[in-house]
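Visitor: I have a structure I would like to understand better, so I am pasting it below and will then ask my questions one at a time.
The values are calculated or read from the model by the stated rules, or taken from the named source; none is laboratory data. Please read all numbers here as calculations on a predicted model, not as lab measurements. Here the Cβ positions follow ideal geometry from the backbone for every residue, glycine too, while neighbour counts run over all protein chains shown.
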Ligand code: THU
């Protein structure tokens, strides 16, 4: 038996180190979080992507009284981009959380289901890495270059 290893890479950094366009994407994600429909969890999440054209598209989590019918912010925006800009390449995805339940020590990375959806978006652009930027720990941000760092051994059909 041969031991195999995958070593995901992440960077933790201060917000001041964002490029000016990344800072705009994060600002849009934060604005979008305020538009979340999250009466059940009170956990307001915004996600914004910047396309190769420069256009920024944002979305937020949309909960439902029938809980499984709700949708995470990342999936709202990525599925919208897939439907309305099917040929577009996504450069950056920023995720922002606004909640009194937010724990300053934690990192708010996308959930497992959203990682699979991010993976599909990246596969649609010939696996050109999407810069994924999320909040925490503390005042820091965390980033990785490509979904493979968040979802190693990704399931893809082709
Ligand atoms: N949520 C997101 O929007 N994105 C994630 O990656 C994880 C969780 C939402 C789903 C639900 O509306 C609320 O946060 C609490 O789980």
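Visitor: Might you let me know whether the stretch 25-43 holds any residue that is exposed (fewer than 13 other Cβ atoms within 10 Å of the Cβ), over 14 Å from the mean Cα position of the chain (by Cα) and within 9 Å of the ligand (Cβ to nearest atom)?
Guide: Yes, that holds for at least one residue.
Visitor: Could you grab me the full set of residues in the stretch 118-142 that are within 21 Å of residue 81 (Cα to Cα) and buried (at least 20 other Cβ atoms within 10 Å of the Cβ)?
Guide: Correct list: 118, 119, 121, 122, 130, 132, 133, 134.
Visitor: Now for a separate question. Say we look at the stretch 146-158 and pick out the residues that are surrounded by 14 or more Cβ atoms within 10 Å (Cβ to Cβ) and either touching a strand residue (DSSP E or B) at 6+ places or on another chain (Cβ under 6 Å) or at negative phi (or both); which of these is modelled with the lowest pLDDT?
Guide: 154
Visitor: Run residue 71 past the list (1) away from the ligand (no atom under 12 Å from the Cβ); (2) surrounded by 18 or more Cβ atoms within 10 Å (Cβ to Cβ) and report the number of the one that doesn't hold.
Guide: (1)
Visitor: Can you give me the number of residues within the stretch 51-63 that are more than 13 Å from residue 95 (Cβ to Cβ), surrounded by 14 or more Cβ atoms within 10 Å (Cβ to Cβ) and more than 8 Å from the ligand (Cβ to nearest atom)?
Guide: So the answer is 3.
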